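**Q** Before I ask anything, let me first share the structure, which is written out below as structure tokens.
The values are calculated or read from the model by the stated rules, or taken from the named source; none is laboratory data. Keep in mind the model is a prediction, meaning the values are calculated, not measured. Backbone-built Cβ (ideal geometry, glycine too); neighbour counts: all protein chains shown. These accessible areas exclude ligands, DNA and RNA; they are computed on the full protein's heavy atoms, side chains included. Shrake-Rupley method; radii C 1.70, N 1.55, O 1.52, S 1.80 Å.
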Amino acid sequence: MNLKDIIKPENLVYSKTPLLTDNVMSYCPGCSHGTAHRIIMEVIEEMGIQSETIGVAPVGCSVLAYDFMNIDMAQAAHGRAPAVATGIKRCWPEKYVFTYQGDGDLAAIGTAETIHACNRGENIMIVFINNGIYGMTGGQMAPTTLPGMKSSTSPFGRDVATMGNPIKMTDLVAQLPGTYYVTRQAVHKPVNVRRTKKAIRIALENQKLNKGLSFIEIVSSCNSGWKMTPVQANIWMEENMIPFYPLGDLKVDGELVKK
Amino acid sequence: MRELRLMKGNEAIAEAAIRAGADAYFGYPITPQSEVLEYLMAEQPMERTGMVVLQAESEIAAINMVYGAAATGKRVLTSSSSPGISLKQEGISYIAGAELPCLIVNVVRGGPGLGTIQPSQADYFQSTKGGGHGDYRLLVLAPASVQEMSDFVKLGFELAFKYRNPVLILSDGVIGQMMEKVELFEQQPRVTTFDPAWTVTGKPKERERNIATSLDLDPYRQEKHNYKLQAKYKAMEENEVRFEEFDCKDAEYLIVAYGSSARISQKAVQLARAKGIKAGLFRPITLFPFPKQEISALASQVKGILSVEMSAGQMIEDIQLAAAGKVNVQHFGRYGGVIPAPDEVLEALELLISGGSK
Ligand SMILES: Cc1ncc(C[n+]2csc(CCOP(=O)(O)OP(=O)(O)O)c2C)c(N)n1
Ligand code: SF4
């Protein structure tokens with residue numbers, strides 16, 4: 001038996017969704033962005049809504065998301081993706097609209113746009129990649145950088161007395177009446193990938209029903225920014241990021257989840 | 001049937017937007033243009049035409065909502081006044097870079113900073129030379145009446161889509177706030193077809209995905225994109241120059257003024273003529289493209305040019321470039337929110353004639 005005998009359609013157990021392009025991804029090996037892209041596109045394929053979906057790419061490592069996601073997309077100015085998505089969704093209420101944003105984009109420069117899109121209950125999905133750092137610009141401190149965590153602009157660790165505390169954006173937006181579904185997930189293990197994918201499906205189903213804004217945080221790793229190997233980064237994330245940003249649903253069907 | 005109404009300039013913008021078949025307006029309150037949003041909210045255009053109106057959380061959000069709607073091929077506008085327009089500049093640069101059509105209205109007030117809420121024309125540089133970062137131009141229309149506030153909304157959308165470029169209506173607090181008779185144009189239908197070559201409306205099987213972006217990390221491709229933009233601005237310079245002349249045929253002295261300054265200067269020309277001075281007024285209607293050739297020709301004819309602008313002297317630089325040293329060009333302006341009177345303009349003209357300057 002040689003390789004040719006194995007590569008047969010009937011032996012196929014998994015393939016890349018055609019909703020991802022064949023372009024070589026610009027993400028570092030081990031980065032969470034690639035997995036997050038894949039599952040969003042898989043859900044859009046499974047729901048058969050490619051022609052009705054418009055994505056909004058941020059400024060950050062995923063600025064080039066439109067090179068990889070095989071859907072119509074608009075690239076937004078840094079932090080303004082929720083406003084861009086609002087402009088699209090208000091004009092096309094029947095379409096599926098989502099933003100895909102990093103923590104610097106969503107929780108620093110774009111804080112106002114995030115809060116107000118959530119508060120207005122725009123019928124969109126926001127996917128929030130929280131890797132605790134500015135990946136694109138080379139590892140500077142983000143609003144979500146953990147206390148004591150080193151970055152190129154907090155070389156001695158984040159000093160909360162002078163640099164402020166990390167902001168838990170997801171907890172914050174869950175309090176707003178405009179959000180309908182708020183959850184925090186991860187994609188570093190198969191079980192988490194499955195849960196995140198399910199969350200994306202719920203968010204897009206909600207959008208079909210005009211329920212309000214769905215907000216999905218994905219606690220992510222940025223091994224390059226953290227100056228670790230991909231494996232080290234995942235371990236560090238599990239030991240440090242996830243205790244600070246615990247996974248699970250914060251708001252379901254418009255109701256806060258009781259802890 | 002003619003439909004005449006007595007309206008404020010700001011109200012005319014709003015009514016014209018509905019009638020031009022606009023799909024959406026996004027804005028944030030600021031004096032002296034808040035009536036645009038107020039009128040639209042009161043008029044309930046969703047009921048009239050299906051037009052979306054939303055009060056955004058800031059001018060930054062508003063212009064980015066415009067970007068999103070424009071990316072899908074919708075007819076969309078925003079309005080603001082000077083400080084708010086400054087906040088929009090990053091978004092405007094993105095819209096120009098991504099080649100999206102939209103309409104922006106600036107009802108200018110005095111600056112710098114928070115300045116004043118009184119009228120001014122001190123945003124000329126910002127409007128005509130780019131405003132935000134990068135090499136780009138807006139097509140700039142300068143209305144001098146409430147009628148033109150209405151007409152230029154329709155014209156502005158046509159030009160925005162013709163060139164896939166943001167169009168700016170550069171007005172000021174006088175034109176925005178004053179009431180005049182307006183003949184309203186008939187209701188235009190909203191667009192229902194979207195150019196499959198570029199609009200971001202959801203990718204059907206039969207076409208490649210469309211992307212609205214101003215990004216291209218490859219410098220050579222980015223340079224090519226810039227060439228394309230420059231060719232577009234050149235085409236505007238060739239095809240879209242608009243202006244108006246009063247008593248220019250036999251003029252020995254020329255006033256150049258736009259917007260409300262042109263209204264004031266027209267009176268000054270009448271006063272001058274009554275005194276036997278052969279004065280004329282040239283009113284640029286498009287500030288970009290600037291009527292260079294026309295001013296150059298007039299510069300060969302007249303003995304002096306007075307640029308009148310409610311600023312410390314911004315448009316004068318373009319006049320001087322066009323006049324190319326053929327004739328003396330001087331500036332007269334009141335600024336910081338002060339509106340000049342016709343006799344002050346006349347005085348400045350007489351000073352120019354006598355060879356003096358301020
Ligand atoms: C107005 C503006 N300010 C700053 C930048 C520079 N910049 C680009 S990406 C970025 C941070 C992105 O970090 P994040 O949102 O966390 O995304 P990541 O790259 O980590 O995925 C910054 C500051 C910019 N492009 N525009
Ligand atoms: S820098 Fe970080 S976020 Fe950016 S691609 Fe690399 S690992 Fe991912």
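**Q** Confirm whether B:GLN33 is under 26 Å from B:VAL182 (Cα atoms) and free of Cβ contacts under 8 Å to residues at least 12 places away in the same chain.
**A** So B:GLN33 fails the test.
**Q** Looking at B:GLU237, is it among the acidic types (Asp, Glu) and touching a residue at least 12 places away in the same chain (Cβ under 8 Å)?
**A** Yes.
**Q** Related question: Any residue at all in region B:146-154 that is over 30 Å from A:MET41 (Cβ atoms), in a loop (DSSP other than H, G, I, E, B) and more than 14 Å from chain A (Cβ to nearest Cβ)?
**A** no
**Q** Moving to a separate point now. Failed condition for A:ALA83, given (1) open to solvent by less than 10 Å² (accessible area, probe 1.4 Å); (2) under 26 Å from A:SER221 (Cβ atoms); (3) within 14 Å of ligand 1 (Cβ to nearest atom); (4) of a type in the set (A, V, I, L, M), with all others met?
**A** Every condition holds for A:ALA83 apart from (2).
**Q** Right, another one. Conditions first: (1) among the aliphatic types (A, V, I, L, M); (2) in contact (Cβ under 8 Å) with a residue 12 or more places away in the chain; (3) surrounded by fewer than 20 Cβ atoms within 10 Å (Cβ to Cβ). B:ALA42 passes all but one, so which condition is the exception?
**A** Exception for B:ALA42: condition (2).
**Q** Could you tell me how many of the residues in region A:137-183 are under 30 Å from A:ARG120 (Cα atoms), of a type in the set (S, T, N, Q) and within 15 Å of ligand 2 (Cβ to nearest atom)?
**A** Residues that pass the stated criteria total 2.
**Q** Quick check: is even one residue across region B:320-330 of a type in the set (A, V, I, L, M, F, W, C) and more than 24 Å from B:ARG242 (Cα to Cα)?
**A** Within region B:320-330, not a single residue is of a type in the set (A, V, I, L, M, F, W, C) and more than 24 Å from B:ARG242 (Cα to Cα).
**Q** Next question, about the same structure. On the given criteria, is B:LEU271 closer than 17 Å to B:LEU159 by Cα, touching a residue at least 40 places away in the same chain (Cβ under 8 Å), in contact with a helix residue (DSSP H, G or I) (Cβ under 8 Å, 6 or more places away or on another chain) and part of a helix (DSSP H, G or I)?
**A** For B:LEU271, the condition - closer than 17 Å to B:LEU159 by Cα, touching a residue at least 40 places away in the same chain (Cβ under 8 Å), in contact with a helix residue (DSSP H, G or I) (Cβ under 8 Å, 6 or more places away or on another chain) and part of a helix (DSSP H, G or I) - is not met.
**Q** Still on this model: Sort out which residues of region B:330-358 are under 24 Å from B:GLY110 (Cα atoms), open to solvent by 20 Å² or more (accessible area, probe 1.4 Å) and hydrophobic (A, V, I, L, M, F, W, C), and write them in order of number.
**A** Correct list: B:VAL338, B:ILE339, B:ALA341.
**Q** Do any helices (runs of 4 or more DSSP H) lying entirely in region A:144-259 carry at least 1 residues that are modelled with pLDDT of 95 or more and within 16 Å of ligand 1 (Cβ to nearest atom), and which ones are they?
**A** Correct list: A:160-163, A:169-174, A:223-226, A:230-236.
Residues are listed down the side, and each one gets a yes or a no for (1) in contact with a strand residue (DSSP E or B) (Cβ under 9 Å, 6 or more places away or on another chain); (2) part of a loop (DSSP other than H, G, I, E, B); (3) of a type in the set (A, V, I, L, M, F, W, C); (4) more than 15 Å from ligand 1 (Cβ to nearest atom):
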| position | (1), (2), (3), (4) |
| --- | --- |
| A:SER26 | no, yes, no, no |
| A:GLY30 | no, yes, no, no |
| A:HIS33 | yes, no, no, no |
| A:HIS37 | yes, no, no, no |
| A:ILE44 | yes, no, yes, yes |
| A:SER51 | yes, no, no, yes |
| A:ALA65 | yes, no, yes, no |
| A:ALA74 | yes, no, yes, yes |
| A:HIS78 | no, yes, no, no |
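**Q** Additional query: I'd like the full set of residues that are assigned to a loop (DSSP other than H, G, I, E, B) and either buried (at least 18 other Cβ atoms within 10 Å of the Cβ) or under 14 Å from the mean Cα position of the chain (by Cα) (or both), limited to region B:117-141.
**A** Hits for region B:117-141 are B:GLN118, B:SER120, B:GLN121, B:ALA122, B:ASP123, B:LYS129, B:GLY130, B:GLY131, B:GLY132, B:TYR136, B:ARG137, B:LEU138.
**Q** So, in region A:123-136, of the ones that are away from chain B (no Cβ under 14 Å) and near ligand 2 (Cβ under 9 Å from one of its atoms), which residue ends up most open to solvent (accessible area, probe 1.4 Å)?
**A** This residue is A:TYR134.
**Q** When you scan region B:195-218, do you find a residue that is away from chain A (no Cβ under 14 Å) and either in a loop (DSSP other than H, G, I, E, B) or at pLDDT 95 or above (or both), even just one?
**A** no
**Q** Name the single residue, out of those in region B:53-97 being farther than 26 Å from B:GLY115 by Cα, in a strand (DSSP E or B) and open to solvent by 10 Å² or more (accessible area, probe 1.4 Å), that is nearest to the other protein chains (Cβ to nearest Cβ).
**A** B:LEU54
**Q** Of the numbered conditions (1) over 30 Å from A:LYS89 (Cα atoms); (2) in contact with a helix residue (DSSP H, G or I) (Cβ under 9 Å, 6 or more places away or on another chain), A:ASN240 fails exactly one; give the number of that condition.
**A** (2) is the only condition that A:ASN240 fails.
**Q** Identify, from the list A:MET73, A:MET47, A:MET69, the residue that is farther than 23 Å from A:TRP226 by Cβ, within 12 Å of another protein chain (Cβ to nearest Cβ) and either in contact with a Cys (Cβ under 6 Å, 6 or more places away or on another chain) or more than 16 Å from ligand 2 (Cβ to nearest atom) (or both).
**A** Answer to the check: A:MET73.
**Q** Out of A:THR111, A:THR86, report the one residue that is more than 25 Å from A:VAL24 (Cα to Cα), over 14 Å from the mean Cα position of the chain (by Cα) and facing another protein chain (nearest Cβ under 8 Å).
**A** From the options A:THR111, A:THR86, the qualifying one is A:THR86.
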